[in-house]
Amino acid sequence: MDLVRIILAILLPPLGVFLQVGLSGAFWLNILLTLLGYIPGIVHAVWIIAKR
């Protein structure tokens, strides 16, 4: 399941984070990072998924 989340995190970073943590602060932070730049959103999403 983590492989699917990582693939989703690369395509749509907030979706990958949402599937991992739900509507928490990490999800909203990832939306902000994705809006500021796509790469920071991907890095944050993969980090959140790999951490848990």
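Coordinate-derived values only; no laboratory data. All figures in this text were calculated on a predicted structure; none of them were measured in a lab. Don't worry about glycine lacking a Cβ; one is built from the backbone with ideal geometry, like all the others, and counts go over all protein chains shown.
Apply the Karplus curve 6.51 cos²θ - 1.76 cosθ + 1.60, θ = phi - 60°, to the phi angles in region 19-27 and return the couplings in whole Hz, x for Gly and Pro.
5, 8, 10, x, 8, 9, x, 5, 5
How much FRET efficiency would the formula 1/(1 + (r/R0)^6) give for residue 2 and residue 36, where r is the Cβ-Cβ distance and R0 is 25 Å, rounded to 0.05?
E(calc), rounded to 0.05, equals 0.45.
Subtracting the Cα-Cα distance from 0.36 nm times the residue separation, let me have the gained length for residue 11 to residue 47 in nm, one decimal.
In short, 11.5 nm is gained.
Taking 8 Å as the Cα distance limit and 6 or more residues as the minimum spacing, I'd like the relative contact order of region 2-51 as a percentage.
41 percent
From the helices alone, meaning DSSP H stretches of at least four residues, give me the mean residue ellipticity at 222 nm for the chain, per-run term -39500 (n - 2.57), in deg cm²/dmol to the nearest 500.
Roughly -26500 deg cm²/dmol at 222 nm, from the helical runs in the chain.
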